[in-house]
Amino acid sequence: MMRRTGGAATADSHPLRMRSQSGRRREKVSVMLKLTGVACIGLGLAWTLCYIYFGRYELSVVFVGLTAVGVLALHRSKRSNGSSLLLVAHGILAVICSIAWIDAPIAWVPRSVHLFLLPLAAGAAFTFEPRERYGSLIFPLVCLGAFTAFAVGALDPFAPHASPPLEVRAWGVRLNAATSMLLLAGIFAIYRIDSGKRLRMERELGRAVRNGEIEVHYQPQVRYSGIVSGAEALIRWRRPSGELLTPDAFIDLAEESTLISEIGLEVLRQACQTLKHWSSDPRTQALRLAVNISPVQLLDDSLVSSVSSIIREAGIDPTLLEFELTESALAAGTAMVIERMEALESTGVSWALDDFGTGYSSLATLRTLPVRKLKIDRHFLIEATRQESAQRLLGKIIEISQVMGLSALAEGVETPDQRELLIGLGCDHFQGYLFAQPMPRRELHAWLDMQPLPPAAPTR
């Protein structure tokens, strides 16, 4: 029941859009790209100079390519995303295969360049997430297949007659074997360190709910008129050291370890306490609160009963509670998702489809979902301010919500120009740093005291 939403460059940016971009994942990718970059540049420059010295300029060209891949890896380490990793990995694969093809064995000197395919395969299998099937499985298998083909000499008959000088090959074999094994050992060391960090954090996260370390911050949602309609609940983890972690540092781990159900219910409890507090004040009793449901939580058979129990114990009006579900959840099985959504809707809560337009649901599927609101992904808004075609697409998304009788809320609104653009396209419900950043409940209440709020519903 948590997400990362909000303004620019915030850790609340989004969980599953590659789910990919958790802090732990970014750190791991960055380390791997830096290691790759240093190794490629070092080896590339050394061999380039070596072949230039021996007058084999045609061979030095290949190692110039290896150096270029190394520079690319260091440059991309700043982004630390999956596409950068794939780009660099394929570049290395192409260079290694080219060199290994040239490096045909002779009677007393074996081939050695293909050994670098082993750390390449291990690095990919370790760095890519299991759900990234191509990077974590298919690409490593391609590397191992190429390694086997070179090891058994399957490609030797097609090797060009451009073998390196004999003076180089003898000590080159030793250097390649030692370097490739050092890289493999380095990758295993990084894996061990990362696994240790993960296990420690998983144990700490398992105690977080019991120790009261889970906090909920709130980001207001505002209408065109300036009236605050409610807020979205966003999770934070206050570690015993006092460090406050945003979702990108631990949500992936929580979902992988199934701790997400326990944590999600704690977020709901705190959100319901906030709604209960609001209900005692005529100024805030009409405010709505949005709480995110993780796709992993929908797999829990006890979810509906647990949610119903929390709402009942809090004594809140469930119609003021809105559950948000990302489109990625639909990939887990639409029929089961709809069944759980309808069961929860029967308790009185409503549903919003978060990050609409990111590619998982069709309009036919959308019509079958018990959804009353579409939350437009902030990336559509960013692109709409840069490209006219993206602006038209954003307008169509808003039009779709209107045609289907759904309300639309735009996330990540950060500037007055973006707000005016959305209003011109027919969207009048916003969330983002232009209005307020996520804040603890006490700060939210102080902020609400200075804002126009919706009129309270008439009592009967």
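Every read-out reported here was derived from the displayed coordinates using simple, explicitly stated rules and does not represent laboratory data. Here the structure is a predicted model, which means the values were calculated and not measured. Positions of Cβ are backbone-derived with ideal geometry, glycine not excepted, and every protein chain shown enters the neighbour counts.
Per-structure values
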item: Theoretical FRET efficiency, 1/(1+(r/R0)^6), r = Cβ-Cβ of residue 238 and residue 415, R0 30 Å, to 0.05; result: 0.45
item: Per DSSP, loop chymotrypsin sites (Phe, Trp or Tyr not before Pro) in region 166-229 with at most 12 further Cβ within 10 Å; result: 224
item: Debye-sum result for the chain in log10 I(q)/I(0), which assumes one identical scatterer on each alpha carbon, at q = 0.13 Å⁻¹; result: -1.12
item: Between helix 303-314 and the chain: long-axis angle, C-alpha atoms, 0 to 90°, nearest 10; result: 40 degrees
item: Degrees, to the nearest 10: 117-127 long Cα axis against longest axis of the chain; result: 10 degrees
item: Debye, to nearest 20: dipole size of the chain, +1 on Lys, Arg Cβ, -1 on Asp, Glu Cβ; result: 800 debye
item: Gain upon complete extension [residue 27, residue 301; 0.36 nm per residue less C-alpha separation]; result: 95.2 nm
item: Selection of chymotrypsin sites (Phe, Trp or Tyr not before Pro), region 30-69, meeting DSSP coil and at most 16 other Cβ within 10 Å; result: 54
item: Part-to-part distance (alpha-carbon centres) for region 401-423 and region 54-107, which is given in Å; result: 46 Å
item: Extension reserve of the residue 38-residue 334 stretch, reckoned as 0.36 nm per residue once the Cα distance is removed; result: 102.0 nm
item: Base-10 log of normalised Debye intensity for region 23-200 (one unit scatterer per alpha-carbon) at q = 0.11, 0.15, 0.17, 0.20 Å⁻¹; result: -0.46, -0.84, -1.05, -1.39
item: Sites matching trypsin sites (Lys or Arg not before Pro) across region 57-87 that sit in DSSP coil, with at most 12 neighbouring C-beta atoms within 10 Å; result: 78
item: Largest-first ellipsoid semi-axes for region 214-448, taking √(5λ) over the Cα gyration tensor eigenvalues, angstrom; result: 26, 22, 18
item: Estimated inter-spin distance, residue 144 and residue 178, nm [label 7 Å along Cα→Cβ]; result: 2.9 nm
item: For residue 230, net neighbour charge (Lys/Arg +1, Asp/Glu -1) across residues whose Cβ lies under 9 Å away; result: -1
item: Pairwise label distance in nanometres, residue 392 with residue 87, each label 7 Å out on the Cα-Cβ vector; result: 2.8 nm
item: Sites residue 283 and residue 189 - FRET efficiency at Förster radius 60 Å, r taken between beta-carbons, to 0.05; result: 0.55
item: C-alpha long axis of helix 57-76 to longest principal axis of the chain, angle in °; result: 20 degrees
item: Sites residue 198 and residue 446, calculated FRET efficiency, Cβ-Cβ separation with R0 41 Å, nearest 0.05; result: 0.60
item: Share antiparallel - DSSP beta bridges, the chain, percent rounded to 5; result: 45 percent
item: Charge tally in the Cβ shell below 13 Å around residue 48, where Lys, Arg are +1 and Asp, Glu are -1, residue 48 excluded; result: 0
